[in-house]
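Scroll down for the structure; my scribbles are underneath it.
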């Protein structure tokens, strides 16, 4: 049995979660992304593996500025690069998309800072 056949045999024994971890590990290791499946078995497992992966990026939306808009403006300026005028307009025009694709940790920091100032924030 060839080395490739042995690897394929071992991969076929993995669960969907293990396959997702394998794909992510290979992508990280080699700096690539899985664009097209290499084998029919992988094609069947790919959608399930993708669904098992945790969401990495979030859309952060300021839904409501709350009662103390000044605090929310200050908080918005700390989590973005908006000028004072732009932050004021954004708070007054809520809902406002603060970030289209923030990494999970950054999105949570934005949400926490804005909510502590009295705003309502949604991550999606």
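The values are calculated or read from the model by the stated rules, or taken from the named source; none is laboratory data. What you are looking at is a predicted structure, and each value in this text was computed from that prediction instead of being measured. Don't worry about glycine lacking a Cβ; one is built from the backbone with ideal geometry, like all the others, and counts go over all protein chains shown.
Structural remarks
- Selection from segment 4-30 of residues that are farther than 16 Å from residue 54 by Cα and under 26 Å from the mean Cα position of the chain (by Cα): 14, 15, 26, 29, 30
- Counting the residues of segment 17-62 that are at pLDDT below 75 and either within 30 Å of residue 95 (Cα to Cα) or touching a strand residue (DSSP E or B) at 6+ places or on another chain (Cβ under 7 Å) (or both) gives 3.
- Check on residue 14, modelled with pLDDT of 75 or more and outside any helix (DSSP H, G or I): yes
- Exactly one residue out of 119, 87, 67, 101 is at negative phi, within 14 Å of the chain's Cα centre (by Cα) and outside the structural domain of residue 18 (by TED's automatic domain parsing): that is 101.
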